[in-house]
Amino acid sequence: MKKICMIGIGYVGLPTAAMFASKGHKVIGYDLNKRAVDALNKGEIIIEEPGLLELVKECVQKGNLSATTECPSDCDVYIIAVPTPINEDKTADMSYVESATRAIVPNLRKGCIVILESTSPPRTVEDLMLPILKETGLKLGDELLVAHSPERILPGKVIEELRTNSRIVGGINEKSSLEVKKVYESIVEGEIFITTSTTAEMCKVMENTFRDVNIALANELAKISEELGVNAFEVIRLANHHPRVNLLSPGPGVGGHCIALDPWFLVEKSENAKLIKQARLINDSMPQFVFDKIKNILGGFNGQTIALFGVTYKPNIDDVRESPVMHLLDMLKKENIKVNVCDPHAKEQVENNMDIYDAIKDASIMVLGVNHDEFKNIDFNKVSMLLKDKNILDTRNFFNKEDIIKNNINYYLLGEK
Ligand code: SAJ
């Protein structure tokens, strides 16, 4: 059993730390966010993730998991899971990785392991971390083992995916890869593949880029379908019966702290990343596209009320980072209209968060931004009575069209004229 320091106890670091602790390792979370540290020490969490609270509580009670705002000095393994956001100019902000690496330098001794989990532009371990780690005076790859092992967990299914997903371990040499593989073997049931640190970095960024480019294709299909008078979702449903076609779903854009950001790491690194850049721009254009559609349906903005349902970046989570519906909300707020927001998950993230039917009251349109489960059984008869002008725009193909039309509400769908 190892003593592990998890640097960063956010969406990735905390569940990973808890997972290691549940297997008997002694894990200390190190984070500058005092709120997160205090919560963890009480066996509480400040994010929403199914199963995480129970796991954290159990590990804290057993004494295997704790947190601190000071970098601990006597650990065997240091795992860096800090944010890698992007700057205004779309270049990577690597300051958190850099300061985390600097913070551990005084604490590293012979035999220690350093793992970068944060998604990072390819060559980060080689070009940013190794020069700093050299300051320890330890022989890298021999006395100090270093690797990149990217997290690939899907928010909402984090606990399950941490355990069952396969994992890539990219060491700076074979000895590093093999030792780091052993660390993850205690929590990962999936296969663990060994490669170089830069290949591992490239794999992670390409996985999210693959998804971004495919979503961009679906979003472009939605735009073209509106022009040509077809229903994009019907096209996708039918085309996906082809054995080698798997079109994804259009929507109000791509959010989250991963897919909406990571492809820019490649754009920054290479002028050849042309398709990747274009895909990013297409996905980023979707809030404007939805905004224009709403404006069109209403015949312009002049003091109406809009009921906006769901603002998180995807369903059934509380995360609003890079959420395209939050961008849409900001755009709508600048107009001469009132926006009633209803999001049962983003309780604290939006002001005046309303209940379902309070939000609809006197609105001229109900816009579905995110398909949370709570919106599954909406009573459209009641909605019809409460709406001032009877319009619904579904950006996710989530509502039952017949039910809406039956209740004398105009039905509009993203990807259909
Ligand atoms: N989206 C669409 N259409 C789709 C699918 C998704 O518009 O057909 C949108 C969602 O609404 C959301 C965004 O894309 O706004 C991203 O959601 P997601 O569920 O595809 O992915 P994330 O960002 O929650 O998690 C991704 C995952 N990566 C891949 O699936 C390749 C996850 O495995 C990674 O661990 C995670 O990024 C990460 O941390 O990098």
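The values are calculated or read from the model by the stated rules, or taken from the named source; none is laboratory data. Everything numeric in this text was worked out from a predicted model, so none of it was measured. Reconstructed Cβ throughout: ideal geometry from the backbone, glycine too, with neighbour counts over all protein chains shown. Please note that ligands, DNA and RNA were not included when accessible areas were found on the heavy atoms of the full protein model with its side chains. Shrake-Rupley method; radii C 1.70, N 1.55, O 1.52, S 1.80 Å.
Numbers below:
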read-out: Over the range 1-43, volume per residue of the alpha carbon convex hull, in Å³; value: 60
read-out: Stretchable slack from Leu228 to His241, in nm (0.36 nm times residue separation minus alpha-carbon distance); value: 2.5 nm
read-out: Any cysteine of the chain lacking a neighbouring Cys Cβ under 4.7 Å - listed by number; value: Cys59, Cys71, Cys112, Cys203, Cys258, Cys342
read-out: Protection-proxy order for peptides 379-386, 111-118, 282-289, each taking the mean of Cβ atoms within 10 Å per residue, highest first; value: 111-118, 282-289, 379-386
read-out: Where labels lie 7 Å past Cα in the beta-carbon direction, separation of Asn272 and Met1 in nm; value: 4.9
read-out: Prolate/oblate/rounded label for the range 338-406 (Cα gyration tensor, a/c 1.5); value: oblate
read-out: Euclidean distance of C-alpha centroids, the range 3-31 and the range 135-209, integer Å; value: 15
read-out: Segments 248-261, 399-412 sorted - mean Cβ within 10 Å per residue, highest first; value: 248-261, 399-412
read-out: Only Lys, Arg (+1) and Asp, Glu (-1) charged, at Cβ; the chain dipole about Cα centre in debye; value: 300
read-out: Exceeding the 28 Å Cα-Cα cut-off - candidates Lys139/Lys274; Lys223/Lys314; Lys110/Lys157; Lys274/Lys417; value: Lys139/Lys274; Lys110/Lys157; Lys274/Lys417
read-out: Cα gyration tensor, the range 261-417 - rounded (a/c under 1.5), prolate or oblate; value: prolate
read-out: Mean Cβ count within 10 Å, highest first, over the residues of peptides 204-211, 77-84; value: 77-84, 204-211
read-out: Mean-position separation - Cα centroids, the range 263-287 and the range 100-126, in angstrom; value: 28
read-out: Förster radius 30 Å - calculated FRET efficiency between Lys139 and Asn214 (Cβ-Cβ, nearest 0.05); value: 0.10
read-out: Gain in span if fully extended, Leu53 to Arg123, counting 0.36 nm per residue against the direct Cα distance; value: 21.7 nm
read-out: Taking N as its residue count, the alpha carbon Rg of the chain over 2.2 N^0.38 Å; value: 1.08
read-out: Descending Cα extents along the principal axes, the range 226-272, whole Å; value: 37, 25, 21
read-out: Potential lengthening between Ser166 and Asp74 on full extension [0.36 nm per residue; Cα-Cα distance subtracted]; value: 30.2 nm
read-out: Rg/Rh (Cα only; Kirkwood hydrodynamic radius) as it applies to the range 63-193; value: 0.96
read-out: Å² of accessible area per residue within the range 66-196, as computed with a 1.4 Å probe and no ligands counted; value: 42
read-out: Prolate/oblate/rounded label for the range 205-303 (Cα gyration tensor, a/c 1.5); value: oblate
read-out: Calculated FRET value between Lys401 and Lys62, using beta carbons and R₀ = 60 Å, to 0.05; value: 0.70
read-out: Accessible carbon and sulfur surface of the chain relative to its total accessible area, %, 1.4 Å; value: 49
